[in-house]
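The values are calculated or read from the model by the stated rules, or taken from the named source; none is laboratory data. This one's a predicted model, so the numbers in the text were calculated from it and none came from an experiment. Note that we place each Cβ from the backbone using ideal geometry, even for glycine, and neighbour counts take in every protein chain shown.
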Amino acid sequence: MRGAQLTDLLDNSPAGLTEALDVVNGFDQALVGGLSRLDPARTAALAALAGAVASTPLGSALAETVDKVAAGSVGDEHLLRLASARTAIVGAVHDALREQADTALGRTRVQWPTPTPAAGPVDGRLLAARSWLTELAITGWRNVDHDLVATSQQALHALLAEPTLRRAAVLLDGLAAELHHSSPVATMDRLPVRRWADLWARAMLLTSPESQPAAAEPVSGRLLILGADVHEHATAVQLQVHALLETHGEPTGDDAPRLVRVSVSAAKVDTIVGPVIWQLLAAHPALLAALAGRLSLDVTGMPLHPGGDLVWHDGQARPGEPADPFAVARVQLGEALAPAVPPLDRHPVSIAEPVLLEGYTANSDDAGLSFDLDGTRIAVDTDRLPGCGPLTADLVAASTACLGLLRWDDGGWSVQPIGVQATVKRKKVAVHTGDWAQGPTDPKIAKAVARSGDPIAVLRERAGRLLRK
């Protein structure tokens, strides 16, 4: 990424961005007090939502819906339309930002295929989940308590029993868990208004048969890893690998490598932190070996979704030749073909575009760390650096080249480092998030981990005892 590209990105904010987000914020505030307790300001916010989509196919139906909700008549179908309108506006914001980034980077993106309308009635289990979500919206976040959260369990158990409904089940489970730990919400000083509204709207749309994911197609070729991002929570961890896929033997019509993502996850407890986390992902040895050894991977018949997500099957991958991520990025990232964005993923938070920055100067001040590239500064998000890898804020500050993920959050662009080149003790080194995928390579860290024992083995042994009892 050159200085001119960075200037184009930071100096050209999409028109109407602030106004669109204001409409979304108004609707989100209406959910705080509940749609059964609308004051004039919240009623006006719903009218603004309808006005924002007036020229779309949703327009007339949503205007009617807003009138009914304002009159106190709130049904499942009304809230599905409201969730659709909110999602459409957030999606438009995403599209404008994504187009801005693609234009600045000179990146070509595949278009999402035209969806096939779903046929047949809605599954009763999805309708039960929708009814609970409707009750949440009518009641409002401020009035949620343990009793209301508990009413989700019957619908949740029914969804979990059906593998094809797992996406809706997992999201519903996560939202219910957050509300349970926050209840009674009336006692909270500050609410995660945007987050809960995001989860609610997505969950509502997942109760519609039109939300089913597009089919994956098998691909074969060489996978060149750019870097890894680790999403860690108290009860789960997800490794997301960003890579380029060179396909072969398939009529793709384009020889350009494709940007893809590989995501693997594992359940955990909050006491498992640091480098030990990699042990939870031991079911994927080929992927971990490629990260730690900076190797390419030859994949055969691996399912690839239109959104660029490669469904990982470790047995269908074998180690290839060494592939330095920085060399790969310098040679091929600029010409890579970006994937289409699935409709439900059209949200600014989903933007994570791999980029290569070189020739910058790192600056630290009260606002945090930033990279100055030809006189243009971009913020560096070091808060996202995971504790399970060797990449630290100090290394990033000392770096001269960075592989990162371009993100948009809190009204601005930033870069999340996933690999850097730096000079440490007069020696040039390259450090990546996934370097410790097969265990820490730093002797001090390795000794500390060894002294602390194996918490995973201890937990498994204790769980075994409980099961035997």
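Give ALA44, ALA71 a once-over and let me know the one that is free of Cβ contacts under 8 Å to residues at least 24 places away in the same chain and closer than 25 Å to TRP132 by Cα.
ALA71
Let me spell it out: the conditions are (1) more than 27 Å from LEU406 (Cα to Cα); (2) touching a Pro at 6+ places or on another chain (Cβ under 9 Å); (3) touching a residue at least 60 places away in the same chain (Cβ under 8 Å); (4) not β-branched (Val, Ile, Thr), and ASP145 meets all of them except one. Which number is the exception?
(3)
Looking at ALA155, ALA215 in this structure, which one is part of a helix (DSSP H, G or I) and small (Gly, Ala, Ser)?
Just a single option satisfies the conditions, and that option is ALA155.
Taking the stretch 352-400 as the search range and keeping residues that are among the polar types (S, T, N, Q) and surrounded by 16 or more Cβ atoms within 10 Å (Cβ to Cβ), which one is modelled with the lowest pLDDT?
Restricting to residues being among the polar types (S, T, N, Q) and surrounded by 16 or more Cβ atoms within 10 Å (Cβ to Cβ), the top hit is THR376.
Which is more than 23 Å from the chain's Cα centre (by Cα), crowded, with 17+ Cβ neighbours inside 10 Å, of a type in the set (A, V, I, L, M) and farther than 30 Å from LEU391 by Cβ, of VAL185, VAL219?
VAL185
Residues that are in a strand (DSSP E or B) and either at pLDDT 95 or above or β-branched (Val, Ile, Thr) (or both): does the stretch 281-289 have at least one?
no
Could you please let me know if ASP102 is more than 26 Å from LEU35 (Cα to Cα) and out of contact with any helix residue (DSSP H, G or I) (no Cβ under 9 Å at 6 or more places or on another chain)?
yes
Looking only at the stretch 303-335, which residues are among the hydrophobic types (A, V, I, L, M, F, W, C) and part of a strand (DSSP E or B)?
LEU304, LEU310, ALA317
Can you tell me which condition GLY221 does not meet? The list is (1) within 30 Å of GLY411 (Cβ to Cβ); (2) touching a His at 6+ places or on another chain (Cβ under 6 Å), and all the others hold.
Only one criterion is unmet by GLY221, namely (1).
What number goes with the only condition from (1) touching a residue at least 60 places away in the same chain (Cβ under 8 Å); (2) out of contact with any Asp or Glu (no Cβ under 7 Å at 6 or more places or on another chain) that ARG130 does not pass?
So ARG130 meets the others, but not (2).
Name the one entry in VAL429, VAL415, VAL349, VAL420 that is at pLDDT below 95 and assigned to a strand (DSSP E or B).
The unique qualifying residue is VAL429.
Do we find that LEU172 is within 14 Å of LEU136 (Cβ to Cβ) and either of a type outside the set (Asp, Glu) or touching a Leu at 6+ places or on another chain (Cβ under 9 Å) (or both) in this structure?
Taking the combined requirement at face value, the residue satisfies it.
Quick check on this structure: which one of ALA30, ALA41 is small (Gly, Ala, Ser), in the same structural domain as ALA197 (by TED's automatic domain parsing) and in contact with a helix residue (DSSP H, G or I) (Cβ under 6 Å, 6 or more places away or on another chain)?
Every option except ALA30 fails the conditions.
Here is a check on your reading of the model: is GLY72 among the small types (Gly, Ala, Ser) and surrounded by 14 or more Cβ atoms within 10 Å (Cβ to Cβ)?
no
Residues are listed down the side, and each one gets a yes or a no for (1) of a type outside the set (S, T, N, Q); (2) at pLDDT below 90:
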| site | (1), (2) |
| --- | --- |
| ASP67 | yes, no |
| GLN100 | no, no |
| THR116 | no, yes |
| GLY120 | yes, yes |
| ARG130 | yes, no |
| LEU133 | yes, no |
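I'd like the residue in the stretch 262-280 that is free of Cβ contacts under 8 Å to residues at least 60 places away in the same chain and crowded, with 19+ Cβ neighbours inside 10 Å and, out of all such residues, is farthest from the chain's Cα centre (by Cα).
It comes out as LYS268.
Filtering the stretch 305-324 down to residues that are of a type in the set (Gly, Ala, Ser) and either closer than 14 Å to LEU288 by Cα or not assigned by TED's automatic domain parsing to the domain that holds GLU246 (or both), which residue is surrounded by the most Cβ atoms within 10 Å (Cβ to Cβ)?
Per the criteria, the residue is ALA317.
Tell me which residues, restricted to the stretch 245-271, are closer than 14 Å to LEU291 by Cα and either among the hydrophobic types (A, V, I, L, M, F, W, C) or modelled with pLDDT under 95 (or both).
VAL262, VAL264
Scan the stretch 82-96 and tell me whether some residue there is charged (D, E, K, R), buried (at least 19 other Cβ atoms within 10 Å of the Cβ), at pLDDT 95 or above and assigned to a helix (DSSP H, G or I).
Yes, there is a match, as at least one residue in the stretch 82-96 is charged (D, E, K, R), buried (at least 19 other Cβ atoms within 10 Å of the Cβ), at pLDDT 95 or above and assigned to a helix (DSSP H, G or I).
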